[in-house]
1. Translational D (Stokes-Einstein, µm²/s) of region 3-172 at 4 °C and 1.567 mPa s when Rh comes from the Kirkwood sum over C-alpha pairs?
2. With Rg and the Kirkwood Rh both taken from Cα atoms, where does Rg over Rh land for region 181-323?
3. Evaluate the distance, in nm, between pseudo-label points positioned 7 Å from the Cα of Ala296 and of Arg192 along their respective Cα→Cβ axes.
4. Mean separation of Cα pairs under 8 Å and 6+ residues apart, divided by the residue count of the chain: what relative contact order is that in percent?
5. Can you bin every Cα-Cα distance in the chain into 20 Å intervals starting at zero and give me the percent of pairs per bin, rounded to whole numbers?
6. Could you pull out the trypsin sites (Lys or Arg not before Pro) across region 1-50 that fall in loop regions by DSSP (anything but H, G, I, E, B) with no more than 12 other Cβ atoms inside 10 Å?
7. Given a cut-off of under 8 Å on Cα pairs at least six residues apart, what relative contact order in percent is computed for region 3-172?
8. Along region 41-57, what does the Karplus equation 6.51 cos²θ - 1.76 cosθ + 1.60 (θ = phi - 60°) give for ³J(HN,Hα), rounded to whole Hz, x for Gly and Pro?
Amino acid sequence: MLWRSLVAGCGGYLPARVVTNAELAKTVDTSDEWIQQRTGIQERRFAAEGELTSSMGTRAAQAALDMAGMRAEDIDLIVCATSTPDETFPSAATRIQAQLGMERGAAFDVQAVCAGFVFGLSVADNFLRLGQAKTALVVGAETFSRILDWDDRSTCVLFGDGAGAVVLRAEKGNGSNSDSGVLSTHLYSDGRHHDALYVDGGPSSTGTVGHLRMEGREVFRHAVVRMSEAIDAALEANGLTPGDIDWLVPHQANLRIIEAMARRLNLPRDRVVVTVDRHANTSAASIPLALCEAVADGRVQRGDLIMTEAMGGGFTWGSALLRW
Ligand code: ACO
């Protein structure tokens, strides 16, 4: 018998303020039609003044704990995936730890941009598999609205704010693909692609926070190929085929990328969880937010096989396969 990470609960948090494409078009040279046609995005949420990555992450984490029937003091480890922490240091994870009222365990951030949740899940899963922790919170939380350049219409319309979280609990499994919980994670990065997607500021370069810069076409071109490879690796490692997948819960960057992934897997549209229309791209928060929505509305049932995939700046990319 081997330790496995069972997903004991999940939770999401979205800021109250809804910003529609039409509202953006009042101040940005864009249109609802352009944004919807190119991306599938209709609206996004923006954090209120004073609302921070850590406060949103804490709300999502608390919701995940509630669903799991656990308390903050039951948690051994917090891994927060974010590229938009409250401060350069300390980590958003330690802020979340304090806000949850936790006085024990370890907390740290993982930074893999839009692939952050898959990276964070992988790190926490490995802690649990090795017995270094029995329980973990994996949080994805972002305030991308604060690093957007409002004079760059090719990027500022694409992102939103929010947070999602899962609680993992170590359980013994038989090591087969019928186990519940995280079956595998596959992570990749290739730093040669820095210039395609980055933020032009930071503590050691400019001393400023900077703004997001992206060559959209270049990112698009790599995204489908790389994420498909990561999915293939996950299926092969578990002796499964695309036909075994019950739900694709992809990173939510662009509806055209999501549809291309679904076509490749031959998955019907109603087996793909889509939130990009209402959330836009919330980076590391997008997968747990989408997962929580599909769990909350009853689409995802115990025993279902869920494939997640993501790609982000770096480039970083990967997949995680789990049985709910
Ligand atoms: N409104 C109106 N027009 C716009 C806008 C806008 N918001 N943005 C760009 N345009 C114009 C451009 O100026 C250009 O006009 P021109 O032909 O007169 O020069 C035209 O639209 C086409 O611009 P492109 O950038 O070539 O448009 P494209 O079809 O590539 O779509 C997009 C851009 C949506 C960014 C697309 O490339 C994309 O989705 N890429 C993936 C990027 C992504 O999702 N990144 C997220 C982070 S990484 C990840 O999560 C996977």
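Only the coordinates and a few stated rules stand behind these numbers; no lab work does. Keep in mind the model is a prediction, meaning the values are calculated, not measured. Backbone-built Cβ (ideal geometry, glycine too); neighbour counts: all protein chains shown.
1. Diffusion coefficient, whole number: 78 µm²/s.
2. 1.00
3. 4.2
4. That works out to 26 percent.
5. All Cα pairs considered, the percentages come to 35, 59, 5.
6. Lys26
7. Reported relative contact order: 36 percent.
8. Those phi angles translate into 7, 10, 7, 8, 10, 10, 4, 6, 4, x, 8, 10, 3, 5, 5, 5, x Hz.
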